[in-house]
1. Among the numbered criteria (1) charged (D, E, K, R); (2) open to solvent by 80 Å² or more (accessible area, probe 1.4 Å); (3) modelled with pLDDT of 95 or more; (4) over 16 Å from residue 77 (Cβ atoms), which one does residue 278 miss?
2. Restricting to the stretch 298-330, and then to whatever is part of a loop (DSSP other than H, G, I, E, B) and aliphatic (A, V, I, L, M), can you tell me which residue is farthest from residue 248 (Cα to Cα)?
3. Taking residue 136 and the conditions (1) closer than 24 Å to residue 39 by Cβ; (2) of a type outside the set (A, V, I, L, M, F, W, C); (3) without any contact (Cβ under 8 Å) to a residue 60 or more places away in the chain; (4) touching a Lys or Arg at 6+ places or on another chain (Cβ under 6 Å), which numbered condition does it fall short on, given that it satisfies the others?
4. Taking the conditions exactly as written (open to solvent by less than 10 Å² (accessible area, probe 1.4 Å) and among the aliphatic types (A, V, I, L, M)), does residue 227 satisfy them or not?
5. Scan the stretch 294-310 for residues that are touching a helix residue (DSSP H, G or I) at 6+ places or on another chain (Cβ under 8 Å) and either open to solvent by 60 Å² or more (accessible area, probe 1.4 Å) or within 20 Å of residue 242 (Cα to Cα) (or both) and report the count.
6. For the stretch 26-50, name all the residues that are touching a helix residue (DSSP H, G or I) at 6+ places or on another chain (Cβ under 7 Å) and farther than 16 Å from residue 228 by Cα.
Amino acid sequence: MSNLRLSLACWNYDRTRGLLEGRIQPDGIDLTYLNMPVEETFFRMLRHREFDVGEMSLSPYAVSLSKPDKPFVAIPVFPSRFFRHSCIYVNADAGIREPRDLIGKRIGNPEYQMTAPVWIRGILQDEYGVPVDGVTYFTGGEEEPGRPEKLELDLPPNIKVRPIGEKDTLAAMLRDGSIDGFYTARMPSTYRTGGGKVRRLFENSMEVEQAYYRKTRIFPIMHTVAIRRSVYEKHPWIAMSLYKAFVQAQRETYDDLDVTAALKAMLPWLTRHVEDARALMGEDFWPYGFAPNREALATLLRYHHEQGLSKRPLTPEELFAPETLESFKI
């Protein structure tokens, strides 16, 4: 009996390279790995459902669960995680010296539903008293004009979101002072080229992020892996098969981080960095699976509801194929 042929759209990560290079194949599946940047994957999957399986931004995925057909179902694999305090940028002349100075300001977000700004807005509200509805958000392309929201939103009236001009970009607007701050995932080009006009809110971001982790034990989840529901319903066994393969690929990367004969990543003090991460976050500092991530997922979903992106609070269990929530025991 031949294997099921499936397409997977995902970026080129160390933790997925075993799948990209074909050394690891999910049980019963011939996988075609399409390596592309996350923005392209998200756009093509959310707008056109082009792939059988795709890396997906967690917040838009949660938005998709409110659609009548619930077009996707996820597995608890998280190829992207990121502490986002370092991703809050401000115009140097906007008078923003501390988080509460953001209140009343004009803040850019490439998309309001984008996962990185959801985490940033939630953390600013929880940790620094910056209410989500205390600023006006401006959405559009970061480096190229014309970026729309991938899924249509129906936000409450207290959330003020405005599109930028058809020819404008948020990176340039931040440099020029047309917006005061910027919550994003990609570093804006004007941080390096803006002549000092763009700076980070938290210049000591690593220390701030480590303190946040010590307090909350949360390593923010950005992306998951989603299957087109029509494919999953026809072949429900693929959820666990894919999950196991992603775990195996990640295990390779964990093992590579222990190699000291020759560094497998171009970081001079890689070994020390790994030791420091384990000292703070434990051996499995980038966990896959449902149970070790439930608190982080619940926090993101609370933010999602508080920010008007979901009409009711979603539970972490609703995100994933039910068979991936538990495992057999011997």
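1. Against the list (1) charged (D, E, K, R); (2) open to solvent by 80 Å² or more (accessible area, probe 1.4 Å); (3) modelled with pLDDT of 95 or more; (4) over 16 Å from residue 77 (Cβ atoms), residue 278 comes up short only on (2).
2. Start the filter on the stretch 298-330 by keeping residues that are part of a loop (DSSP other than H, G, I, E, B), which leaves 307-315, 321, 326-330.
Narrowing further to those that are aliphatic (A, V, I, L, M): 309, 314, 321, 330.
Numbers: 309: 34, 314: 29, 321: 19, 330: 20 Å.
Checked the stretch 298-330; the qualifying residue farthest from residue 248 (Cα to Cα) is 309.
3. (1)
4. Values: open to solvent by less than 10 Å² (accessible area, probe 1.4 Å): yes; among the aliphatic types (A, V, I, L, M): yes.
So residue 227 passes the test.
5. Here the count works out to 3.
6. Within the stretch 26-50, 26, 27, 28, 35 qualify.
To keep it simple, each residue is scored yes or no on (1) at pLDDT 95 or above; (2) under 28 Å from residue 114 (Cα atoms); (3) in contact with a Ser or Thr (Cβ under 7 Å, 6 or more places away or on another chain); (4) of a type in the set (Val, Ile, Thr).
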residue: 233; (1), (2), (3), (4): yes, yes, no, no
residue: 251; (1), (2), (3), (4): yes, no, no, no
residue: 265; (1), (2), (3), (4): no, no, no, no
residue: 271; (1), (2), (3), (4): yes, no, yes, yes
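Here's the yes/no breakdown for (1) of a type outside the set (Phe, Trp, Tyr); (2) over 19 Å from residue 82 (Cα atoms):
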position	(1), (2)
162	yes, yes
177	yes, yes
182	no, no
203	yes, no
206	yes, no
211	yes, no
219	no, no
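The values are calculated or read from the model by the stated rules, or taken from the named source; none is laboratory data. Being a predicted model, the structure only gives us computed values, none of them experimental. Neighbour counts run over all protein chains shown; Cβ positions are idealised from the backbone, glycine included. Side chains included, ligands, DNA and RNA excluded: accessible areas come from the protein's heavy atoms. Shrake-Rupley method; radii C 1.70, N 1.55, O 1.52, S 1.80 Å.
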